[in-house]
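One structure is given here, and the rest of the page talks about it.
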Amino acid sequence: MNLLLTLPIILPMLGGVVSLLAWRAPVVQRAIVTGFSVAMLLNAIALLVIVRRGGIAVTEVGSWPASYGIVLVADLLSVLMLLVSSVIWLAVVVYSRASIDRRREAFGYYPLLSFLMMGVAGAFLTGDLFNLYVWFEVMLISSFVLMALGGERAQMESAFKYVTLNLISSALFLAGVGMLYGVTGVLNMAELAQRLGSVRSPTMIVAIAMIFLVAFGIKAAVFPLFFWLPASYHTPPPAASAIFAGLLTKVGVYSLFRVFTLLFVQDIDFTHNLILIIAGFTMITGVLGALAQNEMRRILSFHIISQIGYMIMGLGLFTRFALAASIFYVVHHMIVKTNLFLASGVVLRLRETGELKDLGGLHRSHPLLSVLFLIPALSLAGIPPLSGFFAKLGLIRAGVEGREPLIVAVAVITGFFTLFSMSKIWNEAFWKGRERESSGPGEPAVPGSMTGPMTVLACLTIAIGLGAGWLFNVSLDAADQLLDRSAYIEAVLR
């Protein structure tokens with residue numbers, strides 16, 4: 001068990017280090033990182049089976065007890081996130097074989113991708129707030145370099161905005177960690193959960209909770225802290241945009257789930273109602289921003305924001321069913337959004353632009369690409385029987401049961417606007433005819449290493465929709481673990 005819990009961090013770290021040694025041979029680099037990503041996926045599957053059967057798994061690194069050492073904790077939420085992240089890492093690595101130019105490969109694209117995944121895995125598995133901060137910094141460094149890799153002017157501008165806002169988030173996070181340590185004397189999350197209930201000043205705890213809400217809210221891109229995301233995600237290579245879209249904001253969402261179910265539950269009426277209000281504004285501002293855009297990756301970037309609103313809606317409602325629906329939604333969205341960005345990369349390869357006015361005719365010249373875009377697009381909009389329909393249905397049902405008609409109305413309206421903006425992309429890029437027909441022999445072929453990962457992710461989207469019952473049952477079990485704080489505490493401090 002110790003090995004299984006540490007491998008999600010060790011494997012991408014080794015992948016990054018070993019691929020750095022082969023920096024003169026891009027083909028070898030690709031093979032190395034692909035092999036490690038496959039191993040990571042298999043390890044994540046094994047962890048899911050073990051945690052599903054045996055409950056929360058814990059490893060004390062170096063056999064140091066929780067109060068003093070590094071503790072890795074795997075519950076169903078963290079393992080589900082790890083599993084989907086492993087799928088995305090493998091898909092992006094394979095896609096990158098044909099989409100990343102040799103210059104970026106020579107400057108360490110594959111090692112950076114591996115170190116980014118190491119940070120993501122560490123954030124999902126750590127049981128200590130300070131180590132969570134460390135893993136956030138690993139992600140920040142890797143993602144910043146990936147965003148700037150290539151040195152194009154637009155990349156450098158967006159990378160500057162990205163790193164500036166995320167450094168502010170990190171500073172707030174570290175300040176919150178310091179304040180919690182000053183109040184309780186510990187940073188292990190299980191011990192914090194024990195001690196926060198006995199703190200004499202509940203107002204102080206709520207104030208610290210607001211610091212964490214802002215810090216993680218920036219990283220998750222919630223309202224009104226989202227403006228760095230649409231200014232940056234459309235500038236790096238599409239493969240990098242895809243892994244950013246699939247993983248980075250979800251680590252922020254995961255962190256919000258972790259601290260606002262385990263630690264900050266002293267004044268739920270205030271903290272979680274505030275999260276619910278933020279969720280509604282995040283949904284509507286994100287989708288309105290998408291409607292105003294006319295470039296594929298900009299539209300998709302704004303949709304990340306609106307969908308984050310759905311994810312934290314369940315946290316704001318804070319019921320078992322609502323949390324389960326949000327977990328289901330996160331899994332669905334990670335797969336769908338990654339696939340949409342991969343599709344935008346193929347469009348960019350074929351037409352050298354993502355501007356909708358300059359596109360058209362793709363459904364005739366590239367029918368497979370059209371299908372592979374349409375499936376995740378319809379799923380994002382919530383069309384049955386795809387995964388997005390059941391994700392949104394679960395959240396709407398949770399809102400109705402929680403007697404929150406306003407957030408339900410916002411969720412439904414946002415869904416209609418999402419369908420409208422996805423239809424705009426479909427009509428402009430795929431369905432309409434081109435003003436100047438130059439398709440066919442004049443367009444580059446789409447390699448199988450690009451369509452293959454997209455096909456797998458599209459099939460997963462369909463499978464999640466058709467097998468929604470199984471995933472929702474797992475999500476319900478994950479929600480039970482989140483709500484049963486004593487089980488987490490006992491598992492870590494046994």
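Quick notes
- If you check Ala479, Ala491, Ala468, Ala445 for being closer than 30 Å to Ser37 by Cβ, open to solvent by 50 Å² or more (accessible area, probe 1.4 Å) and of a type in the set (A, V, I, L, M, F, W, C), only one passes: Ala445.
- Residue match in region 289-297 (condition: in a helix (DSSP H, G or I), touching an Asp or Glu at 6+ places or on another chain (Cβ under 9 Å) and either open to solvent by 10 Å² or more (accessible area, probe 1.4 Å) or not acidic (Asp, Glu) (or both)): yes
- Scanning region 187-195 turns up at least one residue that is open to solvent by less than 50 Å² (accessible area, probe 1.4 Å), closer than 20 Å to Phe257 by Cα and part of a loop (DSSP other than H, G, I, E, B).
- Residue within region 114-128 that is open to solvent by 10 Å² or more (accessible area, probe 1.4 Å) and either modelled with pLDDT under 95 or acidic (Asp, Glu) (or both) present: yes
- Ser449 vs. criteria in contact with a Lys or Arg (Cβ under 8 Å, 6 or more places away or on another chain) and in a helix (DSSP H, G or I): yes
- Condition check for Ala245 on (1) under 26 Å from Ser344 (Cβ atoms); (2) without any contact (Cβ under 8 Å) to a residue 60 or more places away in the chain; (3) in a helix (DSSP H, G or I): one failure, at (2).
- Residue in region 422-437 that is within 23 Å of Leu80 (Cα to Cα), open to solvent by 50 Å² or more (accessible area, probe 1.4 Å) and outside any helix (DSSP H, G or I) present: no
- When Leu146, Leu165 are screened for being in a helix (DSSP H, G or I) and open to solvent by 30 Å² or more (accessible area, probe 1.4 Å), only Leu165 passes.
- Looking across region 81-107, the residues that are more than 24 Å from Val49 (Cβ to Cβ) and open to solvent by 10 Å² or more (accessible area, probe 1.4 Å) come down to Val94, Arg97, Ala98, Ser99, Asp101, Arg102, Arg103, Arg104, Ala106, Phe107.
- Of Ala98, Ala91, Ala121, all but one fail to be in contact with a Pro (Cβ under 6 Å, 6 or more places away or on another chain) and under 30 Å from Ala209 (Cβ atoms); the exception is Ala121.
- Subset tally (residues that are part of a helix (DSSP H, G or I) and either open to solvent by less than 10 Å² (accessible area, probe 1.4 Å) or acidic (Asp, Glu) (or both)) for region 389-406: 6
- Filter result for Ala429 (closer than 20 Å to Val346 by Cβ and modelled with pLDDT of 95 or more): no
- Out of Leu372, Leu378, Leu342, Leu350, sole residue that is of a type in the set (A, V, I, L, M, F, W, C) and more than 23 Å from the chain's Cα centre (by Cα): Leu350
- Search result, residues across region 219-261 that are open to solvent by 10 Å² or more (accessible area, probe 1.4 Å) and aliphatic (A, V, I, L, M): Leu225, Ala231, Leu248
- Meets criteria (of a type in the set (Phe, Trp, Tyr) and without any contact (Cβ under 8 Å) to a residue 24 or more places away in the chain) for Phe416: yes
The values are calculated or read from the model by the stated rules, or taken from the named source; none is laboratory data. Note that this is a predicted model, so its numbers are computed, not measured. Quick reminder, even Gly has a Cβ in these numbers, built from the backbone with ideal geometry, and neighbours come from all protein chains shown. Just so you know, the surface numbers come from the protein's heavy atoms only, side chains and all, with ligands and any DNA or RNA stripped out. Shrake-Rupley method; radii C 1.70, N 1.55, O 1.52, S 1.80 Å.
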